[in-house]
Structure formats: C-alpha cells, structure tokens
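Chemist: Before we start, here is the structure in question, set down as structure tokens.
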Amino acid sequence: MNNIKNIGEKRNSDGKDLIFIFFGGGMKGVFSAGVVTTMENLNLYDRVHSIYAVSAGAHDAAFFLAKETQIGSTIYYEDLLDGGKFINNNRSKFYKSFILNSIKKEDKFEKLMDIDYLMDIEKNKKILNIEKISESKIPFSIRLFNCQTRREEWVDGKTDIFKKLQAAAAVIPFYPSRVEINGVAYFDGDTLSEIIDPVLEKVINDNPDKKIFIVLNTSKENRFSMLSLVEDILWTILLLIFVKQTYILRKLNIFREKRRLEKYCKLPNVKIIDPDFDVSEFCIDKDEEMKLYRNGVKKTEKIMAENGIKNF
C-alpha cells in the first residue's frame, strides 16, 4: 500500500495556495460534483496544493483531476438513477437479507447500493481517465477504513485508482463487500463519521498560509442535528450487527465532531462549502439531484468570488 508520507507538510511559496477536503454522502455527492465543476471552470489546477477526499467526494475529486467533471457529474443524475440498478428500490428485501445473514450466513447478501455497478460505469461507460489522474501534479489522498487495524488510513489516490475508489464507496452494510488492496481489506473511510481526523488536523494546522475549503455534502446544520444523531444511532446498530465489533461505537462521537469542526472553522483561512438544502443519501429523484448539483456550482462560484479566487 502506498501510504501518504508527510501529510500536511508545508510547501515552499509556489503559488499553490488552495487545499480542498471533500466528504461523502452517497447520492448527496452530486453537490461536491457541482463544486469540482466550478473548480475546473475556474481552471484552479495550478493553484491547488493538495486534495483530501472521502467516499463520494473521492470520486468527484478524481473526475476533477482527470478534467472530466462535466462527465462525472452526469453519473449521479443519469446513470445512478437508471431503474434501480444502483439504489435498491426494494428496501424490505435488503433488510430481510440483512437479518437472515446476521442469524446465519446466506449465499447472497442484498446490496442497498451497488458499488460494482458504479465502478462499471466509471471503467466502461463514462470512463474515468486514470492516466490523467496519475500524471497530475496535485497530491491526492483518499481516506479508507483499514479492516485489519480498525482505523482510518489515508492512501495515495493516484495508484490503484479504481480499487481505492471502489473501497472509498464501499459503505458497510449497504454494500456488504470489503475491497482488498494489496492483501488488506478496506471499506468506506467515512464509516465512523470522523470528520476532522488527526491527519486533517495536521493539514489545517500546518498550512495557515493557505485557503482550506471543507466541502460537506450535507448542510452543516443538519449534519449535527438531533435527527442526524438518531440516524447515526440506527446506523451504528446495523454496523454492530454486521461487523460484530465494538469499535463501531466510535461512530457515535457526532457532537465531539461538531466541536472539532467548529473549532477549525473559526480560523480565517478555513471555509465551509455546504448545500443550502439536503436530499437523502439514497435519493432517486432526478430533479432533486440536478437541483443539488446546480446548488454546488453556484455556491462554489459565490464562495470563490468572496475569497478573491477567479479564473487562473
């Protein structure tokens, strides 16, 4: 595994003054797809110091590095809404399968989100140009969950790209398969809901001279609401049943995460980009997806303009 070394290390003054941190959220990721569309339209490539991404945000960032954000964005509101091929419309069938597998192992575990279908699109239909990503001069780090160490781990997003993107989107238990990379099993790095982890703390603390944009695909208010807490409790119960390991209880640190995020958002160089409204992680409404995408585009244009960032 190619781990990122010296993450957060300051660079010389070379004009690279922007750092972007992208988070996930299933179908909510169409918002950050709008964010990266604006980033590409502004041609910010020579100014981007580094990118850190989680879950759906990793896929959006990858299309930015490949300079294909227009193509990548359409995956959300075209391909992933194609007749239930990505989001399983039969929720009762999924939960029945989940319960049966919790009691005794069945031959087939239903997927609520079919990440294999997503990867097939990115490999064969709306092809992600991984050569361009590998050639990009922008460091690209993806957070995954290491099943062996039971900890989040940041990996180089410019090698084994499709495998790492698959692992980034492997939301347990909705997609029940762990993804093996170089003999180590991984799944979605947003599973335990840690937002500003120690690595990102170092990135922020070591770069006071750079503008740092944290892209949330859920509005900040809703991310830390009582409803989110209830959802996290229910999700934690599902994870405990599926994984059968108490480390999953770390997912319930939602209010500690709120304090940590608020602490860093008070810094003058840290800005939040979040949507003006929310949709479900399993949204299958094309109009809502396109509306959220446009919100990502317009919100980013506004925030970039407010920070004096124009076409480069």
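Chemist: Relative contact order (percent) for the stretch 115-245, with alpha-carbon contacts under 8 angstrom and 6 or more residues of separation?
Modeler: For the stretch 115-245, the relative contact order is 19 percent.
Chemist: Collect residues whose amide H, placed 1.01 Å from N in the peptide plane, falls under 5 Å from the amide H of residue 185; neighbours closer than 5 in sequence don't count.
Modeler: Under 5 Å from the amide H of residue 185: 147, 148.
Chemist: Given a cut-off of under 8 Å on Cα pairs at least six residues apart, what relative contact order in percent is computed for the stretch 16-156?
Modeler: In percent, rounded to a whole number, it is 26.
Chemist: Which shape class applies to the stretch 66-175: rounded if a/c is under 1.5, otherwise prolate when a/b exceeds b/c and oblate if not, where a ≥ b ≥ c are the square roots of the Cα gyration tensor eigenvalues?
Modeler: Verdict is oblate for the stretch 66-175.
Chemist: Just add up the charged neighbours of residue 268: K/R +1, D/E -1, any other residue whose Cβ is under 12 Å from the Cβ of residue 268.
Modeler: Net charge around residue 268: +3.
Chemist: Further, regarding this structure: Per residue, how much accessible area does the chain show when a 1.4 Å probe rolls over the protein heavy atoms, in square angstrom?
Modeler: 44
Chemist: So for the chain, taking the charge dipole from beta-carbon charges (+1 Lys/Arg, -1 Asp/Glu), which of 133, 293, 167 sits furthest toward the positive end?
Modeler: Farthest towards the positive end: 167.
Chemist: Answer with one residue from 101, 115, 305: the one whose Cα lies farthest towards the positive end of the charge dipole of the chain, charges on Cβ with Lys, Arg +1 and Asp, Glu -1.
Modeler: Farthest along the dipole direction, towards plus: 101.
Chemist: Counting other C-beta atoms within 10 Å, and keeping those with at most 10, which DSSP coil GluC sites (Glu not before Pro) do you find in the stretch 226-295?
Modeler: none
Chemist: Moving to a separate point now. What is the gain in length, in nm to one decimal, between residue 263 and residue 298 on full extension, counting 0.36 nm per residue of separation less the C-alpha to C-alpha distance?
Modeler: This chain segment gains 10.0 nm when fully extended.
Chemist: Return the single residue from 58, 185, 167 with maximal mean-square fluctuation; model: Gaussian network over the chain, springs between Cα atoms under 10 Å.
Modeler: The residue that fluctuates most here is 185.
Chemist: How much of the accessible area of the chain, in percent, comes from carbon and sulfur atoms when a 1.4 Å probe is used?
Modeler: 50
Chemist: Would you mind calculating the gained length between residue 90 and residue 41 on full extension (0.36 nm times residue separation, minus the Cα-Cα distance), in nm to one decimal?
Modeler: The span from residue 90 to residue 41 would gain 13.8 nm if fully extended.
Chemist: Moving on to the next point. Within the chain, which whole H helices from DSSP have a Cα span along their axis of at least 20 Å and a mean Kyte-Doolittle hydropathy of 0.0 or more, if any?
Modeler: The answer, listed by residue number, is 226-243.
Chemist: Still on this model: Please build a GNM for the chain, connecting alpha carbons under 10 Å apart, and tell me which residue among 277, 31, 187 fluctuates the most.
Modeler: 277
Chemist: Run the numbers on the chain and let me know its relative contact order in percent, using alpha-carbon pairs under 8 Å that are six or more apart.
Modeler: It rounds to 28 percent for the chain.
Chemist: Could you size up the charge dipole of the chain around its Cα centre, putting +1 on the beta carbon of Lys and Arg and -1 on that of Asp and Glu, and report it in debye to the nearest 20?
Modeler: Using Cβ point charges on Lys, Arg, Asp and Glu, the chain gives about 640 debye.
Chemist: So what is the calculated 222 nm ellipticity per residue for the chain, using -39500 (n - 2.57) for each DSSP H run with n of 4 or more, over all residues, to the nearest 500 deg cm²/dmol?
Modeler: About -12500 deg cm²/dmol.
The values are calculated or read from the model by the stated rules, or taken from the named source; none is laboratory data. Bear in mind the structure is a predicted one, so any value in this text is a computation, not a measurement. Note that we place each Cβ from the backbone using ideal geometry, even for glycine, and neighbour counts take in every protein chain shown. For the accessible areas, the whole protein counts, side chains as well, though only heavy atoms, and no ligand, DNA or RNA atoms are used. Shrake-Rupley method; radii C 1.70, N 1.55, O 1.52, S 1.80 Å.
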